[in-house]
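Take a look at the structure set out below.
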Amino acid sequence: VQLVESGGGSVQAGGSLTLSCTVSGFPFSTNTMAWFRQAAGKEREFVASILWSVVGSEYSESVKGRFTISRDNAKRTVYLQMNSLKPEDTAIYYCNAGGSYTSDFYSPSEYWGPGTQVTVSS
């Protein structure tokens, strides 16, 4: 199983970025996908998830209304469109494949990408 994130970079507050995560060696089209992030000195936190069927997605309160998760099953890729970025969005963003929902919370699987750095300056 291989997950590769891309699209990170440095932007000013209010700007936008789109992250991509391409998956191989894994039944992508029938599994939930998610994005997490980890800021320096903090624990990794959930950002967004999307069901295999595309019909359902979840977001953390901190990104709701600003970020959009989507997927293209034919391309085996999940995206995270990030708008109205804030300095507090600065973190390494990780893709996770095949987690599950437990009591309405997404529990990540063992399958992670190496991450991509997002830096938002004020």
Legend entry - Residues located in the stretch 22-67, provided they are under 9 Å from the mean Cα position of the chain (by Cα) and more than 13 Å from Gly99 (Cβ to Cβ): Arg37
Legend entry - Matching entry among Ser49, Ser10, Ser6 (being modelled with pLDDT of 95 or more, small (Gly, Ala, Ser) and within 20 Å of Tyr106 (Cα to Cα)): Ser49
Inset, instruction - Determine whether the stretch 65-87 contains at least one residue that is surrounded by 13 or more Cβ atoms within 10 Å (Cβ to Cβ) and without any contact (Cβ under 8 Å) to a residue 12 or more places away in the chain. - result: yes
Legend entry - Hits in the stretch 9-31 - residues which are farther than 23 Å from Asn73 by Cβ and open to solvent by less than 50 Å² (accessible area, probe 1.4 Å): Gly9, Val11, Gly15
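May I ask you to list the residues in the stretch 21-56 that are of a type in the set (A, V, I, L, M, F, W, C) and part of a strand (DSSP E or B)?
To start, the set of residues in the stretch 21-56 that are of a type in the set (A, V, I, L, M, F, W, C) comprises 21, 23, 26, 28, 33-36, 39-40, 46-48, 50-52, 54-55.
Once the filter is applied, which keeps residues that are of a type in the set (A, V, I, L, M, F, W, C) and part of a strand (DSSP E or B), the stretch 21-56 yields Cys21, Val23, Met33, Ala34, Trp35, Phe36, Phe46, Val47, Ala48, Ile50.
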Legend entry - Candidate set from the stretch 32-55 (those that are open to solvent by 30 Å² or more (accessible area, probe 1.4 Å) and basic (Lys, Arg)); member that is farthest from Tyr94 (Cα to Cα): Lys42
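The values are calculated or read from the model by the stated rules, or taken from the named source; none is laboratory data. A quick note: this is a predicted structure, and the numbers were derived from the prediction, not measured. With ideal geometry, Cβ positions are generated from the backbone for all residues, glycine too; neighbour counts draw on all protein chains shown. Each accessible area value is taken on the protein alone, full model and side chains, heavy atoms only, with ligands, DNA and RNA left out. Shrake-Rupley method; radii C 1.70, N 1.55, O 1.52, S 1.80 Å.
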